[in-house]
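What follows is a single structure, written as structure tokens, with notes after it.
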Amino acid sequence: QLQASGGGLVQAGGSLRLSCAASGRTFSSYAMGWFRQAPGKEREFVSATRWREGITYYADSVKGRATISRDNAKNTVYLQMNSLKPEDTAVYYCAAGGNYWSDLRRSKEYNYWGQGTQVTVSS
């Protein structure tokens, strides 16, 4: 129901745009989010948005470098990442779900998850 893509190998300072194609049901979820997991580390929050309220959230580690957006015509959510750093290397996952009271930084708030896309940033 969620298909993430767009990862790859990029040099430090470069950019990537991750995509998350969603089915109609998941795309109508209250919120969409992006998380990432580096080898040997726990999954961590990257970005999320409450579509109806137009509110977006970013982890401090990506604030100013990342932008979450969506294309309703394509049922797709994007995460634009600029000025990439080696520490951004991880598998990136998109997620859908949540509600008005959700803390969208917590992975357990989401009902649907994509399969992940690998981002590798070389120094």
So for the stretch 80-123, Kirkwood radius off the Cα pairs, Stokes-Einstein at 37 °C and 0.692 mPa s: how many µm² s⁻¹? 270 µm²/s
Amide H partners (placed H, <5 Å) of residue 104, local residues excluded: none
Choose one answer from 43, 52, 70: the residue with the largest mean-square fluctuation in a GNM of the chain with alpha-carbon springs under 10 Å. 52
Binned at 5 Å from zero, the C-alpha pair distances of the stretch 1-63 give percents of 4, 14, 19, 27, 22, 10, 5, 0
Relative contact order (%) - the stretch 31-84, alpha-carbon pairs under 8 angstrom, separation at least six: 24 percent
Connecting every pair of Cα atoms under 10 Å apart in the chain and solving the GNM, the largest mean-square fluctuation among 16, 104, 79 falls on 16
Here D for the chain, in µm²/s, from Stokes-Einstein with a Kirkwood Rh over Cα pairs at 37 °C and 0.692 mPa s, works out to 232 µm²/s
As an exercise, identify the GluC sites (Glu not before Pro) in the stretch 1-57 lying in DSSP coil whose Cβ has no more than 16 other Cβ atoms within 10 Å. 42, 53
Which value, in debye to the nearest 20, describes the size of the charge dipole of the chain about its Cα centre when Lys and Arg Cβ atoms bear +1, Asp and Glu Cβ atoms bear -1, and nothing else is charged? 160 debye
Only bridges with both residues in the chain count here: give the DSSP antiparallel percent, nearest 5. 90 percent
Using each residue's phi in the stretch 2-18, evaluate 6.51 cos²θ - 1.76 cosθ + 1.60 at θ = phi - 60° and report the 3J(HN,Hα) Karplus result to the nearest Hz, with x for Gly and Pro. 10, 10, 8, 7, x, x, x, 9, 9, 7, 4, x, x, 9, 9, 10, 8
Count neighbours as other Cβ atoms within 10 Å of each site's Cβ, and list the chymotrypsin sites (Phe, Trp or Tyr not before Pro) in the stretch 50-116 that are DSSP loop with at most 10 such neighbours. 100, 101
Which whole-Hz ³J(HN,Hα) couplings does the stretch 36-53 yield from phi under the Karplus relation 6.51 cos²θ - 1.76 cosθ + 1.60, θ = phi - 60°, glycine and proline marked x? 9, 9, 8, x, x, 10, 6, 5, 10, 5, 10, 7, 7, 8, 9, 5, 5, 8
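Every number here is computed from the coordinates shown, using simple stated rules; none is lab data. None of the values given here were measured: they were computed from a predicted structure. In this analysis, Cβ positions are derived from the backbone assuming ideal geometry, glycine residues included, and neighbour counts consider all displayed protein chains.
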